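K.L.:
Quick one: the structure is below, and I'll ask about it shortly.
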Amino acid sequence: MAVATRIEEVRSELDQLAQSTPTAQEFMRGMAKLLHERMLKYNWVGFYMLEPDANPPMLALGAFEGAMTPHTRIPLNQGICGAAASSGQTVVVDDVSRDPRYLACSLETKSEIVVPIFARGKVVGELDIDSHFHAAFTSEHQELVQHCAALVGKKLEAAAQ
Ligand code: SME
């Protein structure tokens with residue numbers, strides 16, 4: 001199946017999942033599972049959420065699919081994860097071995113994308129995906145992952161009402 005077709009299909013399945021899942025927590029679990037199962041190069045998929053009131057600010061591992069990671073809590077000044085959360089910008093790393101910020105989760109990981117999740121205009125967490133393939137996160141993948149992060153942000157906003 002062409003990558004563009006698969007992305008379209010997965011995107012509409014995620015839109016449906018957002019409709020049918022009552023809580024943000026369940027939605028994040030379902031999203032991690034669906035992305036991990038359906039997107040063949042997404043070898044680790046997980047959420048890091050900002051701990052409320054932590055000082056210094058800290059990202060805590062949430063729902064994930066893939067091997068357990070040693071990085072269950074990440075300060076904002078560390079890792080690709082910290083860079084995405086502190087800048088509020090998507091970070092794509094085509095070759096993690098060449099990025100000094102990278103915190104290793106698996107020796108097999110070659111590339112990574114981290115997309116911040118916003119709720120009510122503030123970063124509340126992020127969606128992190130690792131791949132065993134170099135440069136797996138081309139622009140069409142970035143769009144998909146950014147769409148995913150936006151869906152989670154909306155769900156969190158709805159839950160907080
Ligand atoms: N690689 C991330 C750490 C999280 S693991 O990949 C699951 C980073 O550099 O922040």
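We did not get these values from a lab; they are worked out from the coordinates using the rules stated. Predicted, not measured: the structure shown is a model, and the values here were computed from it. Positions of Cβ are backbone-derived with ideal geometry, glycine not excepted, and every protein chain shown enters the neighbour counts.
K.L.:
Give the dimensionless ratio obtained when the Cα radius of gyration of the stretch 6-50 is divided by 2.2 N^0.38 Å.
P.N.:
Ratio of Cα Rg to 2.2 N^0.38 Å: 1.14.
K.L.:
For the stretch 46-142, would you read off the P(r) tail past 15 Å as a percentage of all alpha carbon pairs?
P.N.:
Counting every Cα pair in the stretch 46-142, those more than 15 Å apart make up 57 percent.
K.L.:
Right, something else. Under 16 Å Cα to Cα from residue 110, which lysines show up? Leave out anything in the same chain fewer than 8 places away.
P.N.:
Those lysines meeting the cut-off are 41.
K.L.:
Output the relative contact order of the chain, whole-number percent, from Cα pairs under 8 angstrom with separation of 6+ residues.
P.N.:
About 22 percent, as a whole number.
K.L.:
Now for a separate question. With N set to the residue count of the stretch 13-99, report its C-alpha Rg divided by 2.2 N^0.38 Å to two decimal places.
P.N.:
Details: Rg = 14.1 Å, N = 87, 2.2 N^0.38 = 12.0 Å.
In units of the globular-protein estimate, the stretch 13-99 measures up at 1.18.
K.L.:
With N set to the number of residues, divide the alpha-carbon radius of gyration of the stretch 102-161 by 2.2 N^0.38 Å and report two decimals.
P.N.:
1.28
K.L.:
Next up: Around residue 119, which amide H atoms from residues at least 5 apart in sequence, or from another chain, sit under 5 Å from its own amide H, with H modelled in the peptide plane?
P.N.:
124
K.L.:
To continue, here is another question. Of 131, 82, 103, which is farthest along the charge dipole of the chain in the positive direction, counting Lys and Arg as +1 and Asp and Glu as -1 at C-beta?
P.N.:
Ranked along the dipole, the leading option is 82.
K.L.:
Let me ask something additional. Please state the charge dipole magnitude for the chain, taken about the Cα centre, from unit charges on C-beta atoms (+1 on K and R, -1 on D and E), reported in debye and rounded to the nearest 20.
P.N.:
In total the dipole reaches around 220 debye.
K.L.:
Check cross-link reach from residue 154 to the lysines: straight Cα distance under 18 Å, and skip same-chain residues fewer than eight apart.
P.N.:
Those lysines meeting the cut-off are 122.
K.L.:
Amide H neighbours of residue 63 under 5 Å, at least 5 residues apart or on other chains, H built in the peptide plane: list them.
P.N.:
Placed amide hydrogens put 47 under 5 Å from residue 63.
K.L.:
With θ set to phi - 60°, apply the Karplus curve 6.51 cos²θ - 1.76 cosθ + 1.60 along the stretch 58-74 and write out the HN-Hα couplings as whole Hz, x wherever there is a Gly or Pro.
P.N.:
Result, ordered by residue: 9, 9, 10, 4, x, 4, 8, 10, x, 5, 4, 9, x, 9, 8, 9, 10 Hz.
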